[in-house]
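Here is the structure we will look at, set down as structure tokens.
The values are calculated or read from the model by the stated rules, or taken from the named source; none is laboratory data. Nothing here was measured: the structure is a model prediction, and the numbers come from that model. All Cβ positions, glycine included, derive from the backbone under ideal geometry; neighbour counts span all protein chains shown. Accessible surface is based on the protein model in full, side chains and every heavy atom, while ligands, DNA and RNA are left aside. Shrake-Rupley method; radii C 1.70, N 1.55, O 1.52, S 1.80 Å.
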Amino acid sequence: MLPVAEFELLVENALRRIPARFRRRMNNVAIVVEPEPPRPDLLGLYQGRPLATRSVFEAFPMPDKITIFQGPHERLSRTREQLEQMVADTVWHEIAHHFGMDEAMVRRAERRRERKRG
């Protein structure tokens, strides 16, 4: 298992891969690393209110939270390269939820991304 600080660096690098036009709109989002998920089938978890559902009339909302779970990423990846890509894909997936995409929409977008990576 990687030291937590090293895994957090992978998450930071994945966040840098998100286009700047999206990162700029992520003003009130905490991205954290936890060792294990509450359910065994999770790699990441978005908790919050998606931007697409918010109103300009809302008071100051609590920060949204994106959690990336270290343990399952490391167990599912065989190489460092595979781990880095899996973390990047998970970060992208959870950020897509922040922008209002439901699970079906995210999965369709992931398939398109995968075809482009080819």
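What the table below lists for this structure:
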| item | result |
| --- | --- |
| Identity of the residue in region 73-118, basic (Lys, Arg) and within 20 Å of residue 33 (Cβ to Cβ), that ends up most open to solvent (accessible area, probe 1.4 Å) | 75 |
| Candidate set: region 34-79, residues that are modelled with pLDDT of 95 or more, of a type in the set (A, V, I, L, M, F, W, C) and in contact with a Gly (Cβ under 9 Å, 6 or more places away or on another chain); chosen: the one farthest from residue 100 (Cα to Cα) | 69 |
| Within region 14-31, tally of residues that are open to solvent by less than 80 Å² (accessible area, probe 1.4 Å) and within 23 Å of residue 78 (Cα to Cα) | 2 |
| Condition met for residue 11 (at pLDDT 95 or above, surrounded by fewer than 15 Cβ atoms within 10 Å (Cβ to Cβ), under 15 Å from the mean Cα position of the chain (by Cα) and outside any loop (DSSP other than H, G, I, E, B)) | no |
| Residues located in region 60-72, provided they are over 22 Å from residue 49 (Cβ atoms) and either open to solvent by 80 Å² or more (accessible area, probe 1.4 Å) or in contact (Cβ under 8 Å) with a residue 60 or more places away in the chain (or both) | 70, 71 |
